[in-house]
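Below is one structure, written out as structure tokens; the observations come after it.
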Amino acid sequence: MTGARLPRSYLYVPGNAPDKLGRALTRGADALIVDLEDAVPANAKDAARRSVAAWLGSGVEAGDTELWVRINGGETGHDDVRALAGLPALTGLVIAKAEDFAQVAAVAGLLADLGDVTTRLMPLLETAGAVLDAR
């Protein structure tokens, strides 16, 4: 679904549950969001990141389903970006708990530095302050 139509349904799948990734594509959602953030315990983040990157790089057939990855904030999120940048199956990155423009700009800049100009960004504004600063 890379056209002008917005996805109607998003299905979240924990990034540390690789057995659920392929099955999630059969559930009929317009977009799949693989969660590397809240759904994954801190001690499992590195393994989940490697697993998700391997799955996205394996030639996964998503059909019309958009494939997004919800990344962590801060340096952990930058590690996520480095692992995922340029993977052709990836539609975009969901920036969890985006508080200000600088966070989004940092991810965009890192993608550009890595030569990735196609991955889209979807910042999640999860606090009143983030909504007020969205302008």
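Are any residues in the stretch 110-135 of a type in the set (Gly, Ala, Ser) and open to solvent by less than 30 Å² (accessible area, probe 1.4 Å), and if so, which ones?
Result: 130, single match.
Go through (1) more than 19 Å from residue 59 (Cα to Cα); (2) open to solvent by 40 Å² or more (accessible area, probe 1.4 Å); (3) not hydroxyl-bearing (Ser, Thr, Tyr) and name the single condition residue 88 misses.
So residue 88 meets the others, but not (1).
Of the conditions (1) open to solvent by less than 50 Å² (accessible area, probe 1.4 Å); (2) within 21 Å of residue 123 (Cα to Cα), residue 51 fails just one. Which one is it?
Condition not satisfied by residue 51: (2).
Hey, does the stretch 68-88 have a residue that's more than 20 Å from residue 38 (Cβ to Cβ) and of a type in the set (S, T, N, Q)?
no
Take the residues in the stretch 93-135 that are closer than 21 Å to residue 66 by Cα and of a type in the set (Ser, Thr, Tyr), then tell me which one is modelled with the lowest pLDDT.
118
The values are calculated or read from the model by the stated rules, or taken from the named source; none is laboratory data. Every value quoted in this text rests on a predicted model; they were computed, and no experiment measured them. Glycine also receives a Cβ, built like all others from the backbone with ideal geometry; neighbour counts cover every protein chain displayed. Protein only, heavy atoms only, side chains kept; ligands, DNA and RNA dropped before computing areas. Shrake-Rupley method; radii C 1.70, N 1.55, O 1.52, S 1.80 Å.
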